[in-house]
Amino acid sequence: MTSDVTLSDLSQPATRAGASAHASPTRSAADLAALIACPRCDAVFRMVEPANNQRAICNRCHHVLVAPRLRAGKRIIAVQLAILILLVAASAYPFLSISTKGLKHSSSILDAALAFTSDGALAALSFVLAGLIVFIPAARAILSIYVLAPLTLDRGPFRGAAFAFRLSEHLRPWSMAEIFAIGCAVALIKVADLATVSFGPAFWMFSLLVLLVVVQENLACRYSIWKALGA
Amino acid sequence: MKSARQMGLVACQYCTRVWPGGTRVCGHCGHHIASRDPMSLQKVWGLWTVGMMCYIPANIYPMLDTHTLVSDQKNTIVGGALELGQHGSWGIAIVILVASVLIPVGKFIVIAALAFGVTSGSRLKPHTRQVLHEVVEYVGRWSMIDVFVVAILSSLVQLGTIASIQPGRAALFFALSVFFTMLSAQAFDSRLIWDAEVPPPEDLRASDDFGPVSQITPDTTFDFPFSAGAETLTVAGPDDRRADPPFTDPQTRKDSPT
C-alpha cells in the first residue's frame with residue numbers, strides 16, 4: 001500500500017499546541033497510525049491489537065511492545081493508591097530502632113533521607129535522597145492516578161494528561177523506594193553486632209511497597225495508555 | 001524487516017507512533033523525536049567520563065565513620081565490606097561488593113563497549129548488545145543501595161558516646177557516580193546497535209534531516225512507501241478477546257477529550 005503525502009497536507013497549521021503539522025487527519029496520517037515502531041530497535045510493524053494477556057513482541061529485538069491486561073487502569077489506580085498511602089504512613093513511623101546498654105534510638109524514613117544534613121557538603125545529597133525515596137515515588141503515584149482515573153471512568157483525559165504521563169515515565173528510573181527497602185535489610189545486618197535492632201511498622205510497609213511496585217510495573221502497558229489518551 | 005529510518009519515517013520512542021521524516025515533535029504524545037540523535041554517543045561518553053571521575057574519590061574517601069567507646073574507624077567501600085566478611089557475614093559483604101564494585105565497574109565496561117561497538121563495529125550479535133543495554137539500564141539504579149545503607153546507618157546509630165556513625169564524603173561521590181552512569185546509559189540510543197545491520201539507502205538518508213516542514217516549497221510531493229515493507233506484528237499468548245479491553249477506545253467514549 002503506497003500513499004502520497006502532498007505538502008499541502010504537511011504544511012497545515014498544527015492542530016494543537018505542541019503537535020506537529022503531520023497530525024492532520026489525512027489518509028497518510030491514518031496509514032501511519034496503523035504502524036508501530038519498536039522504541040528499542042526502530043523496526044516498523046503493521047499494528048495488530050493484541051487481546052488481554054496477549055503480548056506483541058518485536059520480531060527483531062524481542063522487546064515487548066504491547067501487553068494489555070484486563071482492567072489494567074483500575075488495577076493500576078488501586079496499586080498506586082496503596083503505594084501512596086504506604087509512602088505517607090511509612091514516612092511518619094520509625095522503620096528501625098536500636099538499643100544497647102540502656103540507650104535507644106529509632107529512625108524514620110525522612111530521618112534517614114536527611115541524615116547527611118549534619119555536613120554542609122553532603123546536605124544536598126540529603127534532599128536528593130528524600131526525593132528518590134519518598135517524593136518521586138509519591139509523585140509518580142499521583143501522576144498515574146491523574147492520568148488513569150478519567151480513562152477508567154470512560155471520560156476524556158484531564159487537561160495535561162499527556163504531559164503528566166510523559167513526566168511519570170521520565171521519573172520511572174529515579175523512583176527508588178524499593179531499593180531503599182533492600183538497603184534497610186543490609187543496614188540491619190551491618191549493625192546487628194553493634195546493638196540490638198528491631199523493625200518498626202514502617203519497615204513492613206516498605207516491604208509491602210517492594211511487592212506493589214513489581215505488580216504495578218507488570219500491569220502497566222504504555223501503548224494501551226497512550227492509545228486511550230487518544231490524539 | 002525494515003526500520004523506520006529506512007522507510008523515511010521517524011518513530012516516537014515513548015508512544016511507538018511513526019511520523020514522516022523530519023518531524024520534530026510527536027503529534028500523539030508531544031515528546032521530542034528524532035530519527036537518530038546525532039549527539040547520542042557524545043552524551044554517552046561525556047556522562048560516562050564524569051561518572052568515572054566521581055567513582056575514583058568514591059573509593060578513596062571513607063564511606064562510613066564509626067565511633068564506639070573503644071575505637072574510631074573510617075571505612076572505605078571495599079574496606080568496610082571486607083571487614084564485614086572477616087566478622088563472618090560474607091553474605092552481606094558479597095551483596096555490598098556486588099552492588100558497589102561489580103555493578104558500577106561492569107556498567108562502565110558495558111557502556112564503553114556499546115559505544116565502541118557503534119563506532120567501530122562489534123563481534124557481538126545486535127541482540128546480545130541490546131540485552132546488555134537493557135541489563136545496564138535496569139541494574140544501574142540498584143547501585144544506590146550502598147548510599148541508602150550509609151543514610152540509614154548514620155540516622156539510626158546515634159547513641160551518643162557508646163556508638164555513633166557519621167556519613168563519609170565518599171557517599172556523595174558514589175551517589176554522583178551512580179547518577180551520571182544512569183544518565184549515560186539512558187543517553188545511549190539502542191537503535192544505533194541495529195543500524196549497522198542495514199545502513200539506510202542514500203536517498204532516504206537525505207530525507208532524514210530535511211529540516212522544518214514549512215521550509216519546503218509548496219509543490220514538492222513526498223512519495224514515501226509508508227506501509228509498504230512493514231511486517232505485520234505477531235502476537236502471542238492466550239486469546240482473551242471476550243474480556244473487556246483495558247481502556248475504552250477514545251472514539252467510543254461518552255464525551256470528547258478535553
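Scan the stretch A:36-86 residue by residue and report those that are open to solvent by less than 10 Å² (accessible area, probe 1.4 Å) and closer than 16 Å to B:SER190 by Cα. A:ALA37, A:CYS38, A:CYS41, A:ASP42, A:ALA43, A:VAL44, A:CYS58, A:CYS61, listed by residue number. Filtered by the rule that a residue be within 7 Å of chain A (Cβ to nearest Cβ), touching a Leu at 6+ places or on another chain (Cβ under 8 Å) and more than 11 Å from A:VAL44 (Cα to Cα), the stretch B:1-27 gives B:TRP19, B:PRO20. Just the residues that are of a type in the set (Val, Ile, Thr) and open to solvent by 40 Å² or more (accessible area, probe 1.4 Å), please, taken from the stretch B:46-77. B:THR49, B:VAL50, B:ILE56, B:ILE60, B:VAL70, B:THR76, listed by residue number. On inspection, B:GLY30 fails the criterion of being in the same structural domain as B:PHE174 (by TED's automatic domain parsing) and either farther than 21 Å from B:PHE173 by Cα or open to solvent by 30 Å² or more (accessible area, probe 1.4 Å) (or both).
So which residues in the stretch A:87-125 are surrounded by fewer than 17 Cβ atoms within 10 Å (Cβ to Cβ), over 24 Å from A:THR196 (Cβ atoms) and either aliphatic (A, V, I, L, M) or at the interface with chain B (Cβ under 8 Å from one of its Cβ atoms) (or both)? Of everything in the stretch A:87-125, those that are surrounded by fewer than 17 Cβ atoms within 10 Å (Cβ to Cβ), over 24 Å from A:THR196 (Cβ atoms) and either aliphatic (A, V, I, L, M) or at the interface with chain B (Cβ under 8 Å from one of its Cβ atoms) (or both) turn out to be A:VAL88, A:ALA89, A:SER118, A:ALA121, A:ALA123, A:ALA124. Reported count of residues in the stretch A:148-199, each being over 30 Å from B:GLN166 (Cα atoms) and touching a residue at least 60 places away in the same chain (Cβ under 8 Å), is 9. When the stretch B:157-184 is filtered for residues that are hydrophobic (A, V, I, L, M, F, W, C) and more than 7 Å from every other protein chain (Cβ to nearest Cβ), the ones remaining, listed by number, are B:ILE165, B:ALA170, B:PHE173, B:PHE174, B:LEU176, B:VAL178, B:PHE179, B:PHE180, B:LEU183. Of note, A:ALA228 does not satisfy the criterion of being under 26 Å from A:ALA89 (Cα atoms) and either open to solvent by less than 10 Å² (accessible area, probe 1.4 Å) or in contact with a Pro (Cβ under 7 Å, 6 or more places away or on another chain) (or both).
Restricted to strands (runs of 3 or more DSSP E) entirely inside the stretch B:1-117, those with at least 3 residues that are touching a residue at least 12 places away in the same chain (Cβ under 8 Å) are B:9-11, B:18-20, B:64-68. On the given criteria, is A:VAL214 open to solvent by 10 Å² or more (accessible area, probe 1.4 Å) and within 9 Å of another protein chain (Cβ to nearest Cβ)? No, not satisfied. Looking only at residues in the stretch B:78-133 that are surrounded by fewer than 16 Cβ atoms within 10 Å (Cβ to Cβ) and of a type in the set (Phe, Trp, Tyr), the one that is farthest from B:ARG191 (Cα to Cα) is B:TRP90. Within the stretch B:30-47, is even one residue within 12 Å of chain A (Cβ to nearest Cβ) and polar (S, T, N, Q)? Checking the stretch B:30-47: at least one residue is within 12 Å of chain A (Cβ to nearest Cβ) and polar (S, T, N, Q). Here A:MET176 fulfils each of the conditions (1) out of contact with any helix residue (DSSP H, G or I) (no Cβ under 8 Å at 6 or more places or on another chain); (2) under 25 Å from A:ALA112 (Cα atoms) apart from (1).
The values are calculated or read from the model by the stated rules, or taken from the named source; none is laboratory data. Predicted model, so just to flag it, every value in this text is computed and none were measured. Counting neighbours? That spans all protein chains shown, and the Cβs are built from the backbone with ideal geometry, glycine included. Accessible surface is based on the protein model in full, side chains and every heavy atom, while ligands, DNA and RNA are left aside. Shrake-Rupley method; radii C 1.70, N 1.55, O 1.52, S 1.80 Å.
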